[in-house]
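One structure is given here, and the rest of the page talks about it.
The values are calculated or read from the model by the stated rules, or taken from the named source; none is laboratory data. Note that the structure is a prediction, hence the values are computed from the model and not measured. As a convention, Cβ positions derive from the backbone with ideal geometry for all residues, glycine included, and neighbour counts pool all protein chains shown. Just so you know, the surface numbers come from the protein's heavy atoms only, side chains and all, with ligands and any DNA or RNA stripped out. Shrake-Rupley method; radii C 1.70, N 1.55, O 1.52, S 1.80 Å.
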Amino acid sequence: MPHDHSHDEIDFDGTGPAYRRALIAVIILNGGLFLVEMTAGALAGSRALQADALDFAADALTYGLSLAVIGRSLQLRARVAQLKGLSLAVMGLAVLGFAISDMLGPEVPRAEVMGAVGFAALAANVASVLILMRWRDGDSNVRSVWLCSRNDAIGNIAVMGAALMVAWTGSGWPDLIVAAAMAGLFLSSSLQILRKAAQERAHGHHHHG
């Protein structure tokens, strides 16, 4: 089977047409959900939905970058992982900022929209995780894909939980609390990714082991 320069490395780095196809499918899925959730979040007045949407945007970006650097040097892949880590941190801070500004006068978001879209988002994430399941062990690039999908699923469940709480309490606070918690999740993921990428870059410099 002739296909583009696949060189098998010990730590799976994503080379091979099957992984590439899987990634493209997941990118399309995430990009589509980002648009759906952003729109729904704006219409429903839900910060948690918008935080979740940013998660999808981060993923589409992450998977796109992963696709671009497949098979390239460890140095470059680690640098891209650092970029992902930083973009996650920026999004976490942005969501936190929005949530805090909303706390001054929280509107009550539309719980039914939050719940329905949160459920659709969870379904899309579960699909992404299943598509990528075979490749969950790998370098920081491949691993960040796995971490992102897992965090997303947590985020989607949190959005549905927030929707229930909003419906039950008739208040906008659960939405803001969940948005802030998701921002915290972004920040902790970004630290994990940055730490692993920094190790890989250091490792790439010294060439030992």
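Laid out as a table, the results:
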item	result
Extreme residue, nearest to L86 (Cα to Cα), among residues of segment 169-187 that are open to solvent by 30 Å² or more (accessible area, probe 1.4 Å), in a helix (DSSP H, G or I) and of a type outside the set (A, V, I, L, M, F, W, C)	G184
Hits in segment 140-159 - residues which are at pLDDT 75 or above and surrounded by 21 or more Cβ atoms within 10 Å (Cβ to Cβ)	D152, G155, N156, A158, V159
